[in-house]
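J.: Sharing a structure below in structure tokens format, with a few things to ask.
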Amino acid sequence: MAVINCPTCKKKISDKAKECGHCGLSLQALDSDKIANLRHVNRINQAQRLMNYSFVAMLLFCGGFFFMFNDNVEQGSWQHDLAMASTVIGFVLYLVIRVRLLFFKRQK
Ligand SMILES: [Zn+2]
């Protein structure tokens, strides 16, 4: 079972559903080509979203990292703690997203 976006209301529905639970569109009217196409578009969107997340994580990491070694930031101050937290969170998020992307690209 795969999740696709409803062609009219764009909400997530199962590709096995007979009709959209949100707007009531009958999916039996759609042929398998259209469903496959929807699934393909959905995959691209998902990959794009993951890429955006990884970009944000990277920004968090870099921003925190540079801020942490900024001369104006004293060690032990809350700015330093915040920069450190941002670096760690950004790093972990980035790793998690990359792994997810890897698995995402493998599955068919
Ligand atoms: Zn719908």
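J.: Summing -39500 (n - 2.57) over the DSSP H runs of n ≥ 4 in the chain and dividing by its residue number, what mean residue ellipticity at 222 nm do you reach, to the nearest 500 deg cm²/dmol?
T.: On the way: 2 runs with 66 residues, N = 108.
After summing the helix terms and dividing by the residues of the chain, the value is -22500 deg cm²/dmol.
J.: Enumerate the calculated ³J(HN,Hα) couplings along segment 12-23 in order (Karplus 6.51 cos²θ - 1.76 cosθ + 1.60, θ = phi - 60°), each rounded to whole Hz, writing x wherever the residue is Gly or Pro.
T.: Karplus values, whole Hz, x for Gly and Pro: 6, 9, 6, 6, 8, 5, 7, 8, 6, x, 9, 10.
J.: What are the ³J(HN,Hα) couplings of segment 30-35, residue after residue, when phi is run through the Karplus curve with 6.51, -1.76, 1.60 and θ = phi - 60°? Round to Hz, x for glycine and proline.
T.: Taking θ as phi minus 60°, the curve returns 7, 7, 5, 4, 5, 5 Hz for segment 30-35.
J.: Give me the one-decimal Kirkwood hydrodynamic radius in Å for segment 46-106, with the sum taken over alpha-carbon pairs.
T.: Numbers: mean 1/r = 0.0827 Å⁻¹.
With all distinct Cα pairs of segment 46-106 included, I get 12.1 Å.
J.: Report, ordered by chain and residue number, the lysines lying within cross-link reach of Lys34, taken as a straight Cα distance under 17 Å and ignoring same-chain residues fewer than 8 apart.
T.: Output for Lys34: Lys10, Lys11, Lys12, Lys16, Lys18.
J.: Please report, in debye to the nearest 20, how large the charge dipole of the chain is about its Cα centre when each Lys and Arg carries +1 at its beta carbon and each Asp and Glu carries -1 there. Don't jump to the answer; show the numbers that get you there.
T.: Numbers: 14 positive and 7 negative charges, 162 e Å.
Computed charge dipole of the chain: roughly 780 debye.
J.: Now for a different question. Which of Met84, Leu50, Asn70 sits farthest toward the positive end of the charge dipole of segment 46-106, with +1 on the Cβ of Lys and Arg and -1 on the Cβ of Asp and Glu?
T.: Result: Leu50, furthest along the dipole toward the positive end.
J.: Sticking with this one: Quantify how much of the Cα-Cα distance distribution of the chain extends past 25 Å, in percent. Provide the component values of the computation, followed by the final result.
T.: Numbers: 2670 of 5778 pairs.
Result: 46 percent of Cα pairs exceed 25 Å.
J.: Enumerate by residue number the chymotrypsin sites (Phe, Trp or Tyr not before Pro) in segment 33-84 meeting two conditions: DSSP loop (anything except H, G, I, E, B), and at most 12 other Cβ atoms within 10 Å of the site's Cβ.
T.: Details: sites: Tyr53, Phe55, Phe61, Phe65, Phe66, Phe67, Phe69, Trp78; in loops: Phe69.
When the chymotrypsin sites (Phe, Trp or Tyr not before Pro) of segment 33-84 are filtered for loop state and at most 12 Cβ neighbours within 10 Å, Phe69 remain.
J.: How long is the gain from Asn42 to Lys18 if the chain were fully straight, where each residue apart is worth 0.36 nm and the alpha carbon distance is subtracted? It would help to have the intermediate numbers written out before the result.
T.: Values: separation 24, 0.36 × 24 = 8.64 nm, distance 1.86 nm.
My answer for the length gained is 6.8 nm.
No value in this document is a laboratory result; all are computed from the given coordinates. Everything numeric here is computed off the predicted structure, so don't read it as measured data. Neighbour counts are summed over all protein chains in view; Cβ atoms, including those assigned to glycine, are modelled from backbone coordinates with ideal geometry.
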